Amino acid sequence: MFAVNQVTISSSSSISKVLKNPIPKTLPFQPNQRLLNPIRNQPNQRHHTTLPIKSSLSPPPPVQTPAHIRVDILSESLPFIQKFRGKTIVVKYGGAAMKSQALEASVINDLVLLSCVGLRPVFVHGGGPEINSWLGRVGLQPNFLNGLRVTDSPTMEIVEMVLVGKVNKNLVSLINKAGATAVGLSGKDGRLLTARPNAKSAELGFVGDIARVDPTILRPLIANDHIPVIASVAADGYGQAYNINADTVAGELAAALGAEKLILLTDVAGILEDRENPESLVKEIDIKGVKRMMEEGKIAGGMIPKVNCCVRSLAQGVRTASIIDGRKPHSLLLEILTDEGAGTMITG
């Protein structure tokens with residue numbers, strides 16, 4: 001018989017400080033931190049520090065978080081892990097986090113960690129910069145109308161090749177390398193998404209909206225602890241491919257799956273009370289408050305479709321939706337495992 005001592009959970013200030021000032025980029029996928037890779041450390045073993053042999057060819061030893069800080073982080077994370085364990089969260093990945101290798105590594109590590117502690121993430125992505133790069137390689141000029149990519153037939157071919165064949169498989173490979181099991185899909189697979197032409201299709205070309213979502217193909221993957229990675233391409237009933245906004249895809253999937261949380265990674269801090277003041281972040285707001293801010297013109301431009309996507313998902317049963325700062329390292333962990341969060345959370 002073992003005596004069990006009660007553990008006192010302190011505030012989330014320690015984890016917030018550590019996540020705000022993460023360990024330097026020395027260990028994006030290394031297994032020597034028990035917090036990130038607990039399975040690889042054998043039980044009942046003590047880890048002793050040995051002095052490295054000095055050599056002009058030897059790299060400096062990696063910086064490790066002291067053991068007591070790692071234990072404190074795990075302890076303080078417990079209430080948040082218990083809250084979200086077994087729940088589906090849909091994460092839309094893009095923006096600054098997709099442009100920087102360091103931020104990409106941070107997002108992938110966060111995603112795998114959340115999966116390891118029992119959350120069920122679904123990863124939705126776009127890939128605008130990569131599409132622009134490949135359009136340039138084949139001599140096509142990117143063209144946008146009100147923030148949406150004008151997608152003629154040659155452009156649609158490049159969009160599908162890049163999103164489904166390159167970006168998607170690269171993300172699957174990174175997640176697998178980090179220790180989880182990812183499965184790459186597009187909206188075409190298993191009729192996951194059925195597209196319809198956008199109302200402005202005469203001007204935008206093959207830019208689509210979502211007519212129907214069938215998450216049947218996702219449910220066994222999620223139940224078996226796989227991470228679906230979904231490219232924002234779908235086809236209509238005739239097989240014509242459409243380019244669909246990744247935020248829209250994430251929101252509709254979150255609603256169809258009955259997700260606990262929708263998270264959109266962006267290039268801004270979140271919803272700002274004053275668009276000219278980055279310090280005026282609104283940390284939490286309900287649907288009524290969001291609609292009021294739009295009427296007052298405080299939410300405008302590219303933030304409007306993101307907010308509308310969140311509101312639509314909440315109206316269909318998603319519990320909370322967050323627009324978070326993808327430029328901030330470990331923003332996913334800050335949003336889910338702390339009270340402070342990493343952007344704006346919208347509630348029903």
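The values are calculated or read from the model by the stated rules, or taken from the named source; none is laboratory data. No experiment lies behind these values; they were computed from the predicted model shown. Ideal geometry is used to build each Cβ from the backbone, glycine not excepted, and the neighbour counts take in all protein chains shown. What goes into the accessible areas is simple: the full protein's heavy atoms, side chains included, and nothing from ligands, DNA or RNA. Shrake-Rupley method; radii C 1.70, N 1.55, O 1.52, S 1.80 Å.
Within the accessible surface of segment 158-270, defined with a 1.4 Å probe on protein heavy atoms only, the carbon and sulfur portion equals 49 percent. Straight Cα distances below 14 angstrom link K188 to the aspartates and glutamates E160, D209, D214, D236, with same-chain residues fewer than 8 positions distant left out.
Over segment 133-249, accessible surface divided per residue gives 49 Å², non-protein components excluded, 1.4 Å probe.
Segment 154-178 and segment 222-266 have Cα centres spaced 15 Å apart.
For segment 301-348, the fraction of 1.4 Å probe accessible surface lying on carbon and sulfur atoms is 51 percent. Give me the aspartates and glutamates in straight-line cross-link reach of K261: C-alpha distance below 13 Å, same-chain residues under 8 apart excluded. The qualifying aspartates and glutamates are E252, E335. Note on segment 213-263: Cα Rg divided by 2.2 N^0.38 Å, N the number of residues, gives 1.21.
Here the spin labels are modelled as points 7 Å beyond Cα on the Cα-Cβ line, and at A102 and M294 they lie 3.6 nm apart. Here the label points at V138 and A223, each 7 Å from Cα along the C-beta direction, are separated by 3.9 nm in the simple model. Rolled with a 1.4 Å probe across the full set of protein chains, the surface gives I287 an accessible area near 30 Å².
At full extension, L78 and D267 could sit 65.1 nm farther apart than now, given 0.36 nm per residue minus the alpha carbon distance. Please grab the % of Cα pairs in segment 143-300 that end up more than 21 Å from each other. So the pairs more than 21 Å apart make up 55 percent of the total in segment 143-300.
Do the alpha carbons of any pairs in K306/K328; K83/K166; K92/K166 sit beyond 29 Å of each other, and which pairs? Beyond 29 Å between Cα atoms: K83/K166. Return the distance in nm (one decimal) between the two label points of a simple spin-label model at R85 and L145, each offset 7 Å from Cα along Cα→Cβ. For the pair R85/L145, the computed spacing is 5.2 nm.
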